[in-house]
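*Asks:* Below you'll find the structure I mean.
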Amino acid sequence: MKRIGMLTSGGDCQALNAAMRGVVKCLSCSGEDVEIYGFLDGYKGLIYGDFRMLTGHDFAGILTKGGTILGSSRTPFKLMREPDENGLDKVEAMKQNYYKLKLDCLVILGGNGTHKSANMLREEGLNVITLPKTIDNDLWGTDMTFGFQSAVNIATDCIDCIHTTASSHGRIFIVEVMGHKVGWLTLNAGMAGGADIILIPEIPYDIDKVIKAINEREARGSRFTIMAVAEGAISKEDAKLSKKEYKEKMKNYTYPSVSYEIADKIQKKSGKEVRVTVPGHTQRGGSPCPYDRVFATRLGAEAGKLILKGEYGFMVGYKNREVVKVPLEEVAGKLKMVSPDATIVKEAKMVGISFGD
Ligand code: F6P
């Protein structure tokens, strides 16, 4: 008999359900007797003992369902060691619930912050297996996270739709893409959508170079320009500021987001009108794409295999087209960013995409 606790933490994304289904199906197909404790709303459920007993039926028909059947929430890692408003020690509470329910292990699905907390629980002596989810694809130790390809599809669809309007009206458009502090999503959706300019956090932009790229397009007879801008895009000047200076500057920031600032700068410097579209959370929504369904099922199945073997303390990731187990301590606290020297960036430049650098 295996007693498994499961939770999904942080921002949701597509294929969370598919991954959990993969774990549970693998365990039940093995013939092993399993009890599943689904903790609700991320780490909160584990802290406050808020869980639901789940059976195979709960995982039937959810392969294609977006969101998470367990609910999710953000419980910042930096607050984990701070008592809650009633003085409860969150880490101790999680351990007590784990031991009270006599769990064999926790299966934790999440992104960067979630992995830091999962690693902390491992250090505290709990058996933990994690699965890498996030539309940002910024988790260290895996080439791919589930949710990412689905989000690329949605952001690309958005750019495609804007393309037709931009070409009809001969306009400059910015599509602002999620991705937090990294540019994977913007880079991939931008290339897939045929964006002319792609701005990502890893390659700080020079607004004059951005305007130059627009002017050059116009000189070549192009009626419109599509820009894919990451929500974390940053100018060369701002990138030079220290963390403290940048924080200070942001106190007086009046734009709704970075794209509006870039649009305003272009307009003021060149007189050209720029429209902004922000698909926002739609990028995390809806049904997972086929790639993510297969990918999450594979990772889930491999997590099930590790549980059956009693191998804990790993994230199930993907390296060089193989599903691999990566020690949690190697993953926690590290960001996987786009290298400005990556071949994909060079290839994008070879086909004329400007990064404003
Ligand atoms: O990490 C996923 C993500 O969607 C990021 O791309 C984005 O910056 C952030 O979450 C938004 O978070 P929230 O849903 O809490 O607004």
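*Asks:* At 4 °C and 1.567 mPa s, grab the translational diffusion coefficient of the chain from Stokes-Einstein with a Kirkwood Rh over Cα pairs, rounded to a whole number in µm² per second. Write down the numbers at each step before the final one.
*Replies:* Numbers: Rh = 21.5 Å.
The calculation lands on 60 µm²/s.
*Asks:* Would you work out which of Cys161, Thr225, Ile203 lies farthest towards the positive end of the dipole of the chain? Charges go on Cβ: Lys and Arg +1, Asp and Glu -1.
*Replies:* Value computed over the given set: Thr225.
*Asks:* Which part of the range 230-268 falls in the paramagnetic zone of Lys212, meaning amide N under 17 Å from the point 7 Å along Cα-to-beta-carbon?
*Replies:* The answer is 235-237, 266, whose backbone nitrogens lie closer than 17 Å to the label point.
*Asks:* Quickly work out the Leu79-to-Glu273 label distance, labels modelled 7 Å from Cα along the C-beta direction, and quote it in nm with one decimal.
*Replies:* Distance between label points: 4.3 nm.
*Asks:* Determine the distance separating the Cα centre of the range 299-340 from the Cα centre of the range 75-120; give it in Å without decimals.
*Replies:* 20 Å
*Asks:* Moving to a separate point now. Give me the dipole magnitude in Debye, nearest 20, for the chain about the Cα centre, with unit charges on the beta carbon: positive for Lys and Arg, negative for Asp and Glu. Mind showing how you got there, number by number?
*Replies:* Values: 48 positive and 44 negative charges, 50 e Å.
Around 240 debye, computed over the chain.
*Asks:* Another question, then. Let me spell out the model: positive unit charges on the Cβ of Lys and Arg, negative unit charges on the Cβ of Asp and Glu, origin at the Cα centre of the range 151-284. What dipole size does that give, in debye rounded to 20?
*Replies:* 300 debye
*Asks:* In Å³ and rounded to a whole number, note down the convex hull volume per residue for the Cα atoms of the range 68-137.
*Replies:* In the range 68-137, the Cα convex hull volume per residue is 108 Å³.
*Asks:* Also: Ile159: net charge of surrounding residues, Cβ under 12 Å, Lys/Arg +1, Asp/Glu -1, itself excluded?
*Replies:* -4
*Asks:* List residues of the range 125-169, by number, whose backbone nitrogen lies under 18 Å from a label position 7 Å along Cα→C-beta of Ala342.
*Replies:* Flagged as within label range: 132-156.
*Asks:* Count charges around Asp41 for me, please; just the other residues with Cβ under 15 Å from its Cβ, Lys/Arg as +1, Asp/Glu as -1.
*Replies:* +1
*Asks:* What ranking, highest mean first, results for peptides 37-46, 219-228 when packing means the other Cβ atoms within 10 Å averaged over each residue?
*Replies:* For the peptides 37-46, 219-228, the packing ranking is 37-46, 219-228.
*Asks:* With the crude spin-label approximation of a point 7 Å out along Cα→Cβ, what separation in nm comes out for Thr165 versus Lys247?
*Replies:* 3.8 nm
*Asks:* I would also like to ask the following. Quick one: angle between helix 16-29 and the longest Cα principal axis of the chain, in degrees between 0 and 90, rounded to 10, please.
*Replies:* With rounding to tens, the tilt is 30 degrees.
*Asks:* Further question: Would you mind computing the Rg to Rh ratio of the range 51-210 from its alpha-carbon coordinates, Kirkwood style for Rh?
*Replies:* Details: Rg = 20.6 Å, Rh = 19.0 Å.
With Rh from the inverse mean 1/r over Cα pairs, Rg/Rh is 1.09.
*Asks:* Among Lys90/Lys116; Lys212/Lys243; Lys236/Lys319; Lys78/Lys133; Lys100/Lys325; Lys100/Lys309, which pairs are too far apart, with a Cα-Cα distance over 25 Å?
*Replies:* Checking Cα-Cα distances, Lys212/Lys243; Lys236/Lys319; Lys100/Lys325 exceed 25 Å.
*Asks:* Across 10 Å bins from 0, what is the distribution of all Cα-Cα pair distances for the range 151-284, in whole percents?
*Replies:* Spelled out per bin, shortest first, that is 13, 45, 33, 8, 0.
*Asks:* Using only alpha carbon pairs under 8 Å that are at least six residues apart, calculate the relative contact order of the range 151-284 and give it in whole percent. Let's see the in-between values first.
*Replies:* Working: 224 pairs, mean separation 47.1, N = 134.
Contact order relative to length: 35 percent.
*Asks:* Setting aside same-chain residues fewer than 8 positions from Lys349, which aspartates and glutamates have a Cα under 17 Å from its Cα?
*Replies:* Reachable aspartates and glutamates: Asp196, Glu202, Asp206, Glu216, Asp341, Asp357.
Each value in this text was obtained by applying a stated rule to the coordinates, not by laboratory testing. It should be emphasised that the depicted structure is a prediction, and the values quoted were computed from it without experimental measurement. Glycine gets a Cβ as well: all are built from the backbone with ideal geometry, and neighbour counts include every protein chain shown.
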